[in-house]
Amino acid sequence: MTEQPYGNKPLFRNLDADEVGDQEVSEIESLCMNCEQQGTTKLLLTKIPLYKDVVIMSFECPHCHYSNNELQPAGKIQNKGCNYVFRITNIKDMNRMVIKSDSACVTIPELDFEIPSTSQKGTVTTVEGTLHRAIAGLEQEQPIRKALDPETAEKIEIFIDKMKKLKNVENPFTFILDDPSGNSYIENLFAPTKDVAMTITHYERSDEQNQMLGLFNETNENEEESRPMTLGGDEEDDNVKEEVMIFQTNCTECNSPTKTNMKVVPIPNFKEVVIMATVCDKCGYKTSEVKSGSGIEEKGKKISLKITDISDMSRDLLKSDTCMVSIPELEMETMMGTLGSKFTTIEGLLEDIKTQLKTDNPLVVGDSVGSENKQKMEIFLNKLDKVIGCELPATIILDDPAGNSYLQNIYAPEDDPNMTVEEYERNDEQNDELGIKDMKTENYENKE
């Protein structure tokens, strides 16, 4: 049996300047669509942090010098689609990085303009680059249109002029990126704080969108399989809770076969949760995930803790994947789904946020980031270190619309003087993101 050339290294790896010579680039001969001679296509398997595994393809023809490049997602389709609504007000916004998959649709309402899904290949570009590519596509057939249909060509020329004015941001406009696969992204220059000019929504796909992506409607296809299992009795139920279940899976980092351990764990004064942990023997990647054992609560929950002592950093904390974390003193706010689900401490959560910002996000701290943004990020990380060391007073807020997050009350069963817990009714937008219907609407439909 021959030894694998990759050794224990993952197949999809981060681009690293120190290991650029070790990056495996595949070259294949392929037909040039411009001159029909043989050219060369280069393939690179890599990772985009905070995004996914991708295949970067570059084609070049030595005969006519035609070149082309595109990006194809290599990972799985996300559980929900994503919708970015970005209000562009200045020329600086045009330099925002845009990761657009081939299933994404771009819309500019002010011009009634749309780039339909599947009409372009996936790209890593900027807002300006997206507009430039659209303009180039419209201009490509203009000479033929002017000869065959001058009237249509004139209308398109007027529209192209309007598109070029958008590139100069003579007037504010809205840039909407909608991707049912959930694999597109617009850079947030103000990370980790919220960008007030951009609204991000995650939504459940429709049947038509699932069909476009080649997915089944699992609710209909597996209706019987999705019914809850009934255990034999209390004794069997207790045995399941004590047992550590093991099942086969693939490593999310190198895709090698591995095992995941799963156990039901009761959290005092809260509820039962399911903890899943995976350790890959091939690449050493470790991951853990926590899921609620009782589904979505009737109301959302907002937990606020004023950190006053270093002992507060040791408080147990359960953050579900639907929970948003914010620290008002740092003007920091994470979105729903960021960092996934975790059972850790306050210090552990803040360290994870710091690690993700400092090492896993080149869109914020990479070589391509300007000195102003780098300095801003360094200032934020220094403040975060002071919060972790309790040198800077701060309040941590866990806002979970699903009501499945928890923060330890060290004074239990008495009230914690520094912690408040509020329950609230979810709005329609939050219900949509959680994939549930508004109860009032559902009750009205049942009456009908």
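Of 263/342; 100/358; 194/319; 100/374; 319/354; 167/374, which sit over 21 Å apart, Cα to Cα?
Details: 263/342 14 Å; 100/358 24 Å; 194/319 19 Å; 100/374 25 Å; 319/354 16 Å; 167/374 26 Å.
Pairs exceeding 21 Å: 100/358; 100/374; 167/374.
For residue 155, list the lysines whose Cα falls under 18 Å from its own Cα; do not include residues on the same chain fewer than 8 positions away.
Correct list for residue 155: 146, 164, 165.
Roughly how many debye, to the nearest 20, is the charge dipole of segment 244-356 about its Cα centre, given +1 on each Lys and Arg Cβ, -1 on each Asp and Glu Cβ, and no other charges?
Values: 14 positive and 16 negative charges, 78 e Å.
In total the dipole reaches around 380 debye.
For residue 301, what is the net charge nearby, where nearby means another residue's Cβ is under 11 Å from its Cβ and Lys, Arg count +1, Asp, Glu -1? Spell out each step's value before the answer.
On the way: positive: 299, 302, 426; negative: 297, 298, 399, 400, 422, 423.
Surrounding charge for residue 301 is -3.
Give me the dipole magnitude in Debye, nearest 20, for segment 75-223 about the Cα centre, with unit charges on the beta carbon: positive for Lys and Arg, negative for Asp and Glu.
Values: 17 positive and 24 negative charges, 139 e Å.
Here the size comes out at about 660 debye.
What does the highest-first list of 374-380, 390-396, 93-99 look like by mean Cβ count within 10 Å? Present the calculation step by step, with values, prior to reporting the outcome.
Numbers: 374-380: 14.3, 390-396: 16.7, 93-99: 19.6.
In decreasing order of mean packing, 374-380, 390-396, 93-99 become 93-99, 390-396, 374-380.
Between 90, 209, 116, whose Cα lies farthest towards the positive end of the dipole of segment 81-212 when Lys and Arg beta carbons carry +1 and Asp and Glu beta carbons carry -1, centred on the Cα centre?
Positive-end residue among those listed: 90.
Can you compute 3J(HN,Hα) from phi for each residue in segment 91-97, using the Karplus curve 6.51 cos²θ - 1.76 cosθ + 1.60 with θ = phi - 60°, rounded to whole Hz and x for Gly and Pro?
5, 5, 5, 5, 8, 4, 5
Read-outs throughout are calculated quantities, based only on the coordinates presented, and are distinct from any laboratory measurement. Remember, it's a predicted structure, so these values are computed and weren't measured experimentally. Positions of Cβ are generated from backbone atoms using ideal geometry, with glycine treated the same way; all protein chains shown enter the neighbour counts.
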